[in-house]
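Structure first, commentary second.
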Amino acid sequence: MLPDIKTARELNHPELEIDGLGGIFGSKAISDTLRNRIAADVAAVCQEPEVRRKLEAGGHNVLSGTTQELRAGIARQRAWLAEINKVIDIRNAQ
């Protein structure tokens, strides 16, 4: 029998939850114009009711944003995880 696994929120530690970020990554050589057009197209597709329903059924929170917002989100998560690594010394598990 599998153990009853609780989420961080259920254990009263919502600060330990992390949202996964997804994006489409390409070459640094892509122009800002093309990058922004791709971002707008992906956002439009994600707003299609059938696509959104399928994504949400898979447990995804469908958000759309700019490439700058994705970069900022990644930077925030990296900083947050670096702080956690310092606290629990994840690299030195002794």
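What follows is calculated from the coordinates using simple rules that are stated; it is not laboratory data. The shown structure was predicted, so the numbers you read here are calculated from the model rather than taken from an experiment. Because the Cβ atoms are built from the backbone with ideal geometry, glycine has one as well, and the counts that use them run over all protein chains shown.
Please state the equivalent ellipsoid semi-axes for the chain: what are the square roots of 5 times the Cα gyration tensor eigenvalues, largest first, in whole Å?
Those come to 31, 22, 10 Å.
Write down, largest first, the equivalent ellipsoid semi-axes of the stretch 37-86 in whole Å, where each equals the square root of 5 times an eigenvalue of the alpha-carbon gyration tensor.
Working through the eigenvalues yields semi-axes of 27, 15, 5 Å.
With a cut-off of 8 Å between alpha carbons and a minimum separation of six or more residues, what is the relative contact order of the chain in percent?
Relative contact order, the chain: 22 percent.
I'd like the orientation of helix 67-88 relative to the chain: the angle between its Cα long axis and the longest Cα principal axis, in ° from 0 to 90, rounded to 10.
10
Residue farthest toward the positive end of the dipole of the chain, with Cβ of Lys/Arg at +1 and Asp/Glu at -1: which of L21, A39, H60?
Result: A39.
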